[in-house]
Amino acid sequence: MKVVLENLTKIFPSRDKKAGKEVVAVNNFNFEIPDGQLVGLLGPSGCGKSTTLYMISGLQKPTGGKIYFGDDDVTELSTENRGIGLVFQNYALYPHMTVQQNILFPLQNLKGKDKLSKQEMLDRALEAAKLVQIDELMDRKPSELSGGQQQRVAIARALVKMPRVLLLDEPLSNLDARLRLQTREEIRRIQKETGITTVFVTHDQEEAMSISDVIVVMKAGVVQQIGKPQEVYDDPKNLFVAKFLGTPPINVLEGKVAGGKVYIGDSAVMDVNGVEDQEVYIGIRPEGIEPNENGVFECKLNNVEVMGRDASVVSTHPSAISTVIRAIISSDIRVDTSKETVKYNIKPHKFFIFNKETEERVYFEVK
Amino acid sequence: MVDSKNQWKAWLYLSPAIVLLLVFTVWPIFNTLRMAFLDGYGNMAAIGGQTFQFGINNFLKVVQYKEFLQCLQNTALLCVTTVPISTTLALLIAVALNSIKPLQKTLQTIFFLPYVTNSIAIGMVFAAMFNIVGLKQGNSVADTWGIINNVIQFFGGEPVNWINAGSSYIANITVMIVYIVWNALPFKILILLGGLQSINKQYYDAAKVDGTPKGRVLTRITIPLLSPMLAYVIITGFIGGFKEYSSIVGIFGEKMGPADDAGRLNTMVGFVYDALERDRQGRASAAALILFAIILVVTIINNKFIKKHVHY
């Protein structure tokens with residue numbers, strides 16, 4: 001089931017009727033979520049990603065725009081008639097019911113021709129529980145489960161009535177780091193096995209990048225960029241997207257374009273033929289610079305952090321906006337730490353320039 | 001823990017409360033126990049120098065009184081009717097109050113008013129509402145009635161003699177139930193409303209996603225999640241119910257019944273007071289202990305039930 005969002009807008013009225021301004025949580029969101037894909041809505045807190053999710057679920061009404069499931073316009077349809085499964089951030093498992101009762105609950109609400117016999121319900125519940133591998137915990141109460149297990153129960157409860165669309169609100173935020181890795185693989189597996197179109201919300205770019213088919217980067221209610229994770233990472237449309245994706249974060253410096261060359265301070269670091277002269281922000285991915293004696297980009301060397309497979313060269317530069325310039329290199333490469341400075345070579349496809357005023361990407365041809 | 005050197009300070013600070021509790025609570029409890037087991041104990045006789053034998057005669061006397069059984073019946077009847085009725089009503093009102101936005105605070109205040117009003121005063125108002133106003137002339141019925149009978153007549157019903165001389169026991173008890181339920185509502189609504197407001201809204205969102213009908217939301221989600229509050233309200237309701245006294249005085253006056261049948265609506269606590277007034281401290285103590293035992297047993301049963309049905 002594909003999900004289409006058309007000019008979707010949500011405006012919250014101001015709290016203080018006299019002085020306050022209304023808040024545009026989601027502004028003119030257009031997007032078609034392809035059938036059977038896992039889509040990550042990504043952005044900092046307050047960017048409208050959860051609001052978008054809740055509008056798809058029907059728990060919140062859009063101020064403007066349309067939502068389609070397949071060809072059905074569901075904008076005016078109430079939540080229960082949309083056929084969605086929703087996993088809440090804190091799971092919202094009913095604490096007084098066992099795992100089995102929790103999973104059965106949505107089925108017991110079915111009416112009319114959808115009504116199931118007791119045995120059918122039990123079979124369906126068991127099937128859902130097996131899918132998320134909690135079929136041995138059916139008689140436990142939620143309070144007797146770990147965070148990861150509760151998460152699985154919540155997913156099973158959302159899946160048991162075979163929703164057209166599965167929605168997950170910050171599915172991993174309540175889990176510890178190790179469980180998070182494991183659970184995100186699990187979500188990926190469950191999504192692939194069921195083939196249900198799934199939308200999840202996260203503020204963690206790593207989480208979104210690692211499991212999504214498509215990511216949607218949002219900022220202040222406006223969609224910044226939509227695409228496959230690697231494509232968005234390699235080809236950010238603006239400074240915000242470039243800064244938001246990637247750990248460690250991208251190095252950002254101030255510079256200018258003059259005569260077809262990019263300058264950081266006084267040194268020309270890159271040929272960008274055909275680009276107009278302008279003030280720019282320069283973004284360089286940490287893996288885009290390598291120490292080289294003949295390098296064009298000189299920084300003051302702070303220290304080298306060796307992390308096994310990789311090493312991180314930490315340096316500073318007066319034009320840098322980020323506090324340090326970080327280079328991720330193979331730990332085989334030795335850096336002379338006795339020197340005061342370090343020179344880098346820059347890989348052109350890891351090097352982006354953005355107009356200083358609009359912060360939009362300025363494209364140039366990589367030779 | 002306070003280290004042992006400074007413990008005397010802790011005791012010093014506690015002492016005013018401890019002294020008062022010892023004098024006015026602990027000693028009277030102990031003394032009640034003692035007096036209950038002294039055969040035929042009476043205060044005046046004790047002052048007159050009489051000594052008493054230990055025994056259970058006070059208890060035997062108490063349970064042989066016809067009035068005692070009447071008191072027990074009245075108390076139990078009021079308990080088993082008013083607690084379920086007032087709890088159910090309070091639950092429905094609290095759920096309704098919780099689900100409306102406009103006027104919620106105003107309505108909350110209105111529902112809470114009876115709690116801050118003197119129960120004797122309310123009793124007198126209720127008495128006036130159910131009363132026959134004006135004089136009875138010979139055998140003919142009065143021409144003026146209280147507001148309740150006016151309402152009944154307005155809808156074409158026959159006026160009922162609720163509380164005056166010649167009224168029936170059923171009518172008396174009905175008035176008492178209405179009054180006690182009404183009086184018990186505000187506290188229960190307050191507690192349940194507080195409980196409702198602390199339930200995470202996401203449970204209701206989850207229920208909505210699953211298309212749960214309203215009735216099922218109430219029985220499968222709201223009531224179980226509210227069960228600790230419900231348990232508290234029911235237990236304190238029973239304890240309060242067994243101590244019912246001032247409500248009867250409020251409506252029927254100290255005679256505890258209609259003019260032609262004083263004591264008909266007397267309760268356990270009323271029985272204890274009566275015994276005290278007649279200088280029968282031994283009997284009063286025994287009755288108080290019996291009341292205590294009944295409350296204890298009921299509370300234990302309540303607790304057993306609650307352990308099975310309350311989800312913390």
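The values are calculated or read from the model by the stated rules, or taken from the named source; none is laboratory data. Since the model is a prediction, treat every value here as computed from it, not as a measurement. Here Cβ is always computed from backbone atoms with ideal geometry, including for glycine, and neighbour counts include all displayed protein chains.
Would it be correct to say that A:Gln149 is among the polar types (S, T, N, Q) and more than 13 Å from chain B (Cβ to nearest Cβ)?
yes
Residue-wise test of (1) surrounded by 20 or more Cβ atoms within 10 Å (Cβ to Cβ); (2) touching a strand residue (DSSP E or B) at 6+ places or on another chain (Cβ under 8 Å); (3) within 23 Å of A:Ser312 (Cβ to Cβ); (4) not assigned by TED's automatic domain parsing to the domain that holds A:Lys347.
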| site | (1), (2), (3), (4) |
| --- | --- |
| A:Asp213 | no, yes, no, yes |
| A:Val216 | yes, yes, no, yes |
| A:Lys219 | no, no, no, yes |
| A:Val223 | yes, yes, no, yes |
| A:Lys228 | no, yes, no, yes |
| A:Tyr233 | no, no, yes, yes |
| A:Pro236 | yes, yes, yes, yes |
| A:Leu253 | yes, yes, yes, no |
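If you go through the stretch B:181-221, how many residues are in contact with a Pro (Cβ under 8 Å, 6 or more places away or on another chain) and more than 7 Å from every other protein chain (Cβ to nearest Cβ)?
Here the count works out to 5.
Could you list all residues from the stretch A:128-152 that are outside any loop (DSSP other than H, G, I, E, B), exposed (fewer than 15 other Cβ atoms within 10 Å of the Cβ) and not small (Gly, Ala, Ser)?
A:Lys130, A:Glu144
Hey, could you check the stretch A:83-114 for residues that are assigned to a helix (DSSP H, G or I) and facing chain B (nearest Cβ under 7 Å) and say which is surrounded by the most Cβ atoms within 10 Å (Cβ to Cβ)?
A:Pro106
Just to be sure before I move on: is A:Leu41 within 14 Å of chain B (Cβ to nearest Cβ) and part of a strand (DSSP E or B) in the structure I sent?
Answer is no for this residue.
Is there a residue being of a type outside the set (Phe, Trp, Tyr), out of contact with any Gly (no Cβ under 8 Å at 6 or more places or on another chain), assigned to a loop (DSSP other than H, G, I, E, B) and more than 30 Å from B:Asn58 (Cα to Cα) anywhere in the stretch B:11-31?
Here is the first cut: in the stretch B:11-31, the ones of a type outside the set (Phe, Trp, Tyr) are B:12, B:14-23, B:25-26, B:28-29, B:31.
Next, only the ones that are out of contact with any Gly (no Cβ under 8 Å at 6 or more places or on another chain) stay: B:12, B:14-23, B:25-26, B:28-29, B:31.
Retained after the next criterion (residues that are assigned to a loop (DSSP other than H, G, I, E, B)): none.
So far as the stretch B:11-31 goes, no, none of its residues is of a type outside the set (Phe, Trp, Tyr), out of contact with any Gly (no Cβ under 8 Å at 6 or more places or on another chain), assigned to a loop (DSSP other than H, G, I, E, B) and more than 30 Å from B:Asn58 (Cα to Cα).
Conditions tested, residue by residue: (1) touching a residue at least 60 places away in the same chain (Cβ under 8 Å); (2) over 20 Å from B:Ala288 (Cα atoms); (3) touching a His at 6+ places or on another chain (Cβ under 6 Å).
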site	(1), (2), (3)
B:Lys5	no, yes, no
B:Trp11	no, yes, no
B:Ser15	no, yes, no
B:Val26	no, no, no
B:Ile29	no, no, no
B:Gly40	yes, no, no
B:Gly48	no, yes, no
B:Phe54	no, no, no
B:Phe59	yes, no, no
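In the stretch A:67-82, what count of residues is obtained for those that are part of a loop (DSSP other than H, G, I, E, B), crowded, with 16+ Cβ neighbours inside 10 Å and either within 14 Å of chain B (Cβ to nearest Cβ) or small (Gly, Ala, Ser) (or both)?
2
So the check is Cβ under 7 Å with 6+ separation or different chains; which pairs have a first residue in the stretch B:113-125 that's polar (S, T, N, Q) and a second one that's part of a helix (DSSP H, G or I)?
What qualifies is B:Ser119/B:Asn183; B:Ser119/B:Ser246; B:Ser119/B:Ser247; B:Ser119/B:Gly250.
Away from chain A (no Cβ under 14 Å) and touching a helix residue (DSSP H, G or I) at 6+ places or on another chain (Cβ under 7 Å), is that true of B:Leu265?
Yes; evaluated as a whole, the condition is true for this residue.
Say whether the condition of being buried (at least 16 other Cβ atoms within 10 Å of the Cβ) and within 11 Å of chain A (Cβ to nearest Cβ) is met by at least one residue in the stretch B:228-250.
No, that holds for no residue.
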